[in-house]
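This is the structure, below, for whatever I ask next.
The values are calculated or read from the model by the stated rules, or taken from the named source; none is laboratory data. Just so it is clear, the structure is predicted and the values come from calculations on it, not from any experiment. Counting neighbours? That spans all protein chains shown, and the Cβs are built from the backbone with ideal geometry, glycine included. Quick note on the areas: whole protein, heavy atoms, side chains included, nothing else; ligands and nucleic acids left out. Shrake-Rupley method; radii C 1.70, N 1.55, O 1.52, S 1.80 Å.
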Amino acid sequence: KLCEMPKSEKLRGQVKLDPSCTYTKTMNINNSNTEIDCRGAILDGGGVEKVGVYINSKGRPLSNVVVKNCIVRNYTKSGVLITSGLPHYKRSNDHDINYSVSPTRVILDHMNIEGSGSVGVFFHSYVTSSTLSNSTVSLSKGAGIYLEQSSKKNTISNNLIEKNGQWHGPT
């Protein structure tokens, strides 16, 4: 059944999605100390929505986010994007300031990310101390996982990364 994704202000604290649902919009997470358990629910962008799970600090500190047990598929850009939301020209020349306003301690666990139009899981600039574990990333047209410049102390462990890099689409 199709269900409506909770709005970003509702995605805080501990949230459990309905496992019998398919959600067709983006999951926007903008709050620290948030744990989302999809419990096997599907996020399906239908080849229209850009990002499945969008963890965006919006240029302020953001930490301790957990997203787990999600099936994320068919988003035109990224299955998962973790970012400060700041474009390059708005970043400071001071790296410490950039780290302070970028996500840290984000955990993605038991995720199945497939069919992304570009990158499966994107750790953007200055994302730190974050983890992708026990997950599968497949059939992305670009890289399965991408760690942008100045990201650090991130862990990628016990994942299956396969059949990515198919710029002309899966065959």
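Please verify whether Asn134 is open to solvent by 10 Å² or more (accessible area, probe 1.4 Å) and under 20 Å from Asn159 (Cβ atoms), treating the condition exactly as stated.
So Asn134 fits the description; yes.
Right, another one. Going by the conditions given, is Ser140 small (Gly, Ala, Ser), open to solvent by less than 40 Å² (accessible area, probe 1.4 Å) and in contact with a Ser or Thr (Cβ under 9 Å, 6 or more places away or on another chain)?
yes
For region 120-129, name all the residues that are closer than 20 Å to Lys153 by Cβ and either buried (at least 20 other Cβ atoms within 10 Å of the Cβ) or under 10 Å from the mean Cα position of the chain (by Cα) (or both).
Hits for region 120-129 are Val121, Phe122, Phe123, His124, Tyr126, Val127.
Table: residues versus (1) out of contact with any Phe, Trp or Tyr (no Cβ under 6 Å at 6 or more places or on another chain); (2) over 26 Å from Leu160 (Cβ atoms).
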residue	(1), (2)
Asn28	no, yes
Ile55	yes, no
Val65	yes, no
Thr76	yes, no
Leu81	no, no
Tyr89	yes, yes
Val101	yes, yes
Met111	yes, no
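Give me the pairs, please: first residue somewhere in region 141-159 and at pLDDT below 95, second residue anywhere and basic (Lys, Arg), beta-carbon distance under 6 Å, and either six or more positions apart or on two chains.
From region 141-159, no pairs qualify.
For region 12-92, please list each of the strands (runs of 3 or more DSSP E) lying entirely inside it that holds at least 2 residues being in contact (Cβ under 8 Å) with a residue 12 or more places away in the chain and surrounded by fewer than 18 Cβ atoms within 10 Å (Cβ to Cβ).
13-16, 62-68
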